[in-house]
Amino acid sequence: MSLQASELSSYKNPVRVDVPSGAGPDLSPRRIKICLACSHGGHLTEMLELAEAFHGHDTFYFCYEADTTRILPNVYLVPNMARNPVEFIKNLFRVRRIFRRERPDLVVSTGAEIAIPVVLIAKLMGVAVVYVECGAQVTHPSVTGRLMYWLADTFFVQWPELLKVYGPRAVFRGSLTDEDEPVAGDRSRERRMKVTLVQPAQVGAFSSDQPPLGLAYIAAVLERKGCEVRVIDANVEKLAPDAVVAILAQQAPEMVCFTVTTPLLPSALAIARRLKRMAYPPVLVAGGPHATVLPDDFLDDGLFDYVVRGEGEAAMSELVDQLLAGRDAAGIRGVSWIDRGRIVHNPDRPFQPNIEQGLYPDWSLFPLKRYSSLARRNDHSLPITTSRGCPFGCTFCYKGIYGRRLRMRQPEDVVAEWEHLVRRYGVHEIAVLDDAFTFDIARAIRICELIVSRGLAQVPWSTTNGIRVDNVTLDLFLAMRWAGCYRVYFGIESGVQSVLDSLKKGITIDQVRRAITLAKQAGLEVGGYFMLGNVGETATDMEATIKFALELDLDYAQFSIATPYPGTEMFDQVRRGGRLLIRSWEELATYGAAVFEMDEIDPAFVGRMFRKAIRRFYFRPRYMLHQMRELMTWTGWKHRARAGLLLVRLALFGGRAETVRTGSGGEA
Amino acid sequence: MIYVTVGTMFLDFPRLIHKMDEIAGKTGELVVIQTGLGATFPKNCDHFDFKPREVVLALQSRARVIVCHAGIGSVMDALRARRPAIVVPRLKKFNEHMNDHQLDVAKAVQARGWGRMILDIDDLEQACALPPPVPEKYSPATARLVSAVRDAIERVAAKPR
């Protein structure tokens, strides 16, 4: 059964989500047992400062014998082992005995070396470990910390300076001594509302593990409001809807906000349905591209309470204010909601010509150690956008969130955030996400100059999402190279002028060649993005695009199959003149074949061309030899091994075999 | 009144105590020193080894200036008292500590504009006479760390055992 594109014109959700019936999993917060391991001095003081975190759980202490520890409740005391190996061995057995009796679910330690025997036994017994490095370690790691960095499941440091010393597994998220920048005055103690931000996932499907920038901005806004914010990125953590619900049940937030692209709608709905069965269901809010184009999908059956359309920061901020004041969403522009059983779409928000200065995404809530992109040289990178919106009208591009009016941030503000990423998060690389980074060449050069003058040029970066080829100069590329840029990605899309024209891309083949030559002259690597199976494309056109990609001497190419997303002009073209071949929205995100039939576009044929493109581009001896240079670093090895496997899989099967339907929640 | 603390470290900190004693003798200002486990005692100052925490906090909040070693507990208390803070790190080369981590703490305090670091003990007199300004706002992200630990606990509780 395939879905007729015309059926979508009613903007009706083509997704079937099981309504769970009968008794589901237990959705009440669970009481766990926590072992608190610390020595008797400052480490104990820090543990006591953290006491609030253990509220509602059972705890027992494991400490050295001292005046300060004897008065603790539920305490196991051992003699101070310092560096005595005999006492260390004895402690291993003591800990094992205690753990067998107490059966802890978790060890929390603030150090010092007393943590070592406890954590070793915990790891052997499969008990999770949270380690908080002592506040006295500012720029030098402790001996225990070095070991715990690898052993602990979560490793917190209390000064951002330590992030660089340890590495991406270390998390700086609050401190007993230091201030924490993104919050601009720690207001989380107010706990005005507990909010969890969720990026749902299509578990098993091909997806890029990009840190979700939109959510990170919302997180910063909500924390500034005094909300206690959690983030679940189910995409990078590979969490099926049930696992997300299990975490939400423990967090018990008052509000859950989802960012939803079209293929993720089924997952989001599956999670929402289960949440509605909780004794005290949270307020459910949806945002992101799909919520913006088709808000009714979320509100139809009363599942979600609010939909935030378009740019979310200001609307979310107002919504939280209103809810805290006991009011509803009346009068908040850009919000759709249910007013007395009726769906109401408040008017769109007025155009905001300026992007707020000094508001930076809060990345500390995200599982940063897990993000890794093959398109970057280094792991532990974070994205930045220096502008929002794009004035061009490409038919495949969705512009519902940031709009078609370009708003550029001040170079000083951009570079201040750049510096913040380096100092506050210790990133090893930065990804510039804008479509229109080079729209104003003078501004782009100014940004590059500021990067150099602030001493940030040693941090590599690239224009990851693809910039345009039509407005570039050698000067610009040189400035970028000197500021640490190592690779530019261009949105090339096609090697056929008539296809580019019908995509309304507004570039010429000659501009592509010129831009690549200039970038190479400046010493930059070049990556290109291409699309196959565009509306109106013929077999000859696709062949020509592959040939074009080969002759351009690119360091990197990414081919994708043209996909009409709701809200794009291409979607309307397919709706009018073709047939969309998906049974559910999540199938939009597959790589195996085209998802629509139209004119000469035959899904299986486009799939074959896609696989051919990958074979032809990447499995050239010359290209593979070229990549050998990158094997000099460990990350280079890791990335190329992963890329190799991925490419072989894509070349043989495309992505379809990998797609697992999460619409039914992936559970029995 | 100047409040001086050397923390709970088992090593002595005569460099600081002698200098403060000298300053007290010269200026006549009341100096109260918490001497801890050390064996050095001042002549011109009030002093005690340890006092209950609430007494210490009350003393600090009434001080004109707080001079402390760069132990993290002392620094936390001094900053939260919202009085001008002068931080004197214990250094390994004077056998005041086993390593130089207090230097890092003191540098961080100075770099963030929370107080003044004293490396050359002879600068202390001038620093006490012209104390550093109290930062307009100092809000350690304590609640945030508590929330982060709580987040990790919730994740563990969500896993079926």
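The values are calculated or read from the model by the stated rules, or taken from the named source; none is laboratory data. As the structure is a prediction and not an experimental result, all values here were calculated from the model. Reconstructed Cβ throughout: ideal geometry from the backbone, glycine too, with neighbour counts over all protein chains shown.
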| query | Looking at A:499, A:459, A:469, which is the one that is touching a residue at least 24 places away in the same chain (Cβ under 8 Å), under 22 Å from residue A:381 (Cβ atoms) and crowded, with 19+ Cβ neighbours inside 10 Å? | reply | A:459
| request: Hey, can you tell me all the residues within the stretch A:577-600 that are among the small types (Gly, Ala, Ser) and closer than 12 Å to residue A:563 by Cα? | output: A:589, A:592, A:593, A:594
| query | If you take the residues in the stretch B:102-138 that are within 11 Å of chain A (Cβ to nearest Cβ) and basic (Lys, Arg), which one is surrounded by the fewest Cβ atoms within 10 Å (Cβ to Cβ)? | reply | B:137
| said: Being at pLDDT 95 or above and among the hydrophobic types (A, V, I, L, M, F, W, C) narrows it down to one residue among B:98, B:117, B:76; which is it? | reply: B:117
| message | Suppose the filter is more than 30 Å from residue A:578 (Cα to Cα) and either among the hydroxyl-bearing types (Ser, Thr, Tyr) or buried (at least 22 other Cβ atoms within 10 Å of the Cβ) (or both); does residue A:529 pass it? | response | no
| When you scan the stretch A:34-90, how many residues do you find that are among the acidic types (Asp, Glu), farther than 16 Å from residue A:111 by Cα and out of contact with any helix residue (DSSP H, G or I) (no Cβ under 8 Å at 6 or more places or on another chain)? | 3
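Here are some residues: B:62, B:53. Which one is without any contact (Cβ under 8 Å) to a residue 12 or more places away in the chain, of a type in the set (D, E, K, R) and over 15 Å from residue B:121 (Cβ atoms)? Steps first, answer last, please.
On the way: B:62 fails: without any contact (Cβ under 8 Å) to a residue 12 or more places away in the chain.
Selected residue: B:53, the only one of B:62, B:53 that is without any contact (Cβ under 8 Å) to a residue 12 or more places away in the chain, of a type in the set (D, E, K, R) and over 15 Å from residue B:121 (Cβ atoms).
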| field | Matching entry among A:37, A:82, A:53 (being facing chain B (nearest Cβ under 9 Å) and either modelled with pLDDT of 90 or more or more than 36 Å from the chain's Cα centre (by Cα) (or both)) | value | A:53
| How many of the residues in the stretch B:100-141 are in contact with a Phe, Trp or Tyr (Cβ under 7 Å, 6 or more places away or on another chain) and assigned to a helix (DSSP H, G or I)? | 1
| task | Give A:67, A:153 a once-over and let me know the one that is acidic (Asp, Glu) and within 37 Å of the chain's Cα centre (by Cα). | result | A:153
| Got at least one residue in the stretch A:372-387 being in contact with a strand residue (DSSP E or B) (Cβ under 6 Å, 6 or more places away or on another chain), surrounded by fewer than 18 Cβ atoms within 10 Å (Cβ to Cβ) and closer than 28 Å to residue A:295 by Cα? | no
| message | Which of the numbered conditions does residue A:71 fail, given that it passes all the others? Conditions: (1) closer than 18 Å to residue A:46 by Cα; (2) buried (at least 18 other Cβ atoms within 10 Å of the Cβ); (3) aliphatic (A, V, I, L, M). | response | (2)
| remark: The helices (runs of 4 or more DSSP H) lying wholly within the stretch A:219-337 that contain at least 1 residues that are more than 20 Å from the chain's Cα centre (by Cα) are A:241-251, A:265-275, A:289-293, A:296-299, A:313-324
| Among the residues of the stretch B:41-80, which ones are away from every other protein chain (no Cβ under 14 Å) and in a loop (DSSP other than H, G, I, E, B)? | B:41, B:42, B:43, B:44, B:45, B:51, B:63, B:64
| Does residue A:334 fit the bill of being under 19 Å from residue A:399 (Cβ atoms) and in contact (Cβ under 8 Å) with a residue 24 or more places away in the chain? | yes
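Answer yes or no as to whether residue A:141 is over 28 Å from residue A:276 (Cβ atoms), buried (at least 19 other Cβ atoms within 10 Å of the Cβ), at pLDDT below 95 and within 13 Å of chain B (Cβ to nearest Cβ). Walk me through it before giving the result.
Working: over 28 Å from residue A:276 (Cβ atoms): yes; buried (at least 19 other Cβ atoms within 10 Å of the Cβ): no; at pLDDT below 95: yes; within 13 Å of chain B (Cβ to nearest Cβ): yes.
The answer is no for residue A:141.
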| Which of the following residues is within 14 Å of the chain's Cα centre (by Cα), more than 21 Å from residue B:39 (Cα to Cα), surrounded by 15 or more Cβ atoms within 10 Å (Cβ to Cβ) and modelled with pLDDT of 95 or more: B:85, B:81? | B:85
| message | Within the stretch A:46-68, take every residue that is touching a strand residue (DSSP E or B) at 6+ places or on another chain (Cβ under 9 Å) and over 25 Å from residue B:157 (Cβ atoms) and give me the one that is surrounded by the fewest Cβ atoms within 10 Å (Cβ to Cβ). | response | A:65
| remark: Within the stretch A:508-550, residues being assigned to a loop (DSSP other than H, G, I, E, B) and without any contact (Cβ under 8 Å) to a residue 60 or more places away in the chain number 4
| message | Of the conditions (1) within 11 Å of chain A (Cβ to nearest Cβ); (2) charged (D, E, K, R); (3) assigned to a loop (DSSP other than H, G, I, E, B), residue B:96 satisfies every one except a single condition; which number is it? | response | (1)
| Which pairs do you get when a residue that is without any contact (Cβ under 8 Å) to a residue 40 or more places away in the chain and farther than 18 Å from residue B:136 by Cβ, found in the stretch B:75-97, comes within reach of a residue that is of a type in the set (A, V, I, L, M, F, W, C) and part of a loop (DSSP other than H, G, I, E, B), reach meaning Cβ atoms under 6 angstrom, with the pair 6+ apart or on two chains? | B:87/B:70; B:89/B:70
| Among residues of the stretch A:367-402, those that are farther than 30 Å from residue A:573 by Cβ, part of a loop (DSSP other than H, G, I, E, B) and polar (S, T, N, Q), counted | 4
| When residue B:137 is evaluated against the numbered criteria (1) among the charged types (D, E, K, R); (2) without any contact (Cβ under 8 Å) to a residue 24 or more places away in the chain; (3) within 30 Å of residue B:39 (Cβ to Cβ), which criterion, by number, is the only one it fails? | (3)
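Across the stretch B:1-40, which residue is modelled with the lowest pLDDT among those that are part of a loop (DSSP other than H, G, I, E, B) and among the aliphatic types (A, V, I, L, M)?
Taking the stretch B:1-40 and keeping what is part of a loop (DSSP other than H, G, I, E, B), we get B:1, B:6-13, B:28-30, B:35-40.
From what is left, the residues that are among the aliphatic types (A, V, I, L, M) are B:1, B:6, B:9, B:11, B:30, B:37, B:39.
Working: B:1: 94, B:6: 92, B:9: 82, B:11: 89, B:30: 95, B:37: 87, B:39: 89.
It comes out as B:9.
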| field | Cross-chain or 6+ apart pairs with Cβ under 9 Å, the stretch B:144-160 first and within 7 Å of another protein chain (Cβ to nearest Cβ) and farther than 18 Å from residue A:195 by Cβ, then among the acidic types (Asp, Glu) and buried (at least 23 other Cβ atoms within 10 Å of the Cβ) | value | B:145/A:180
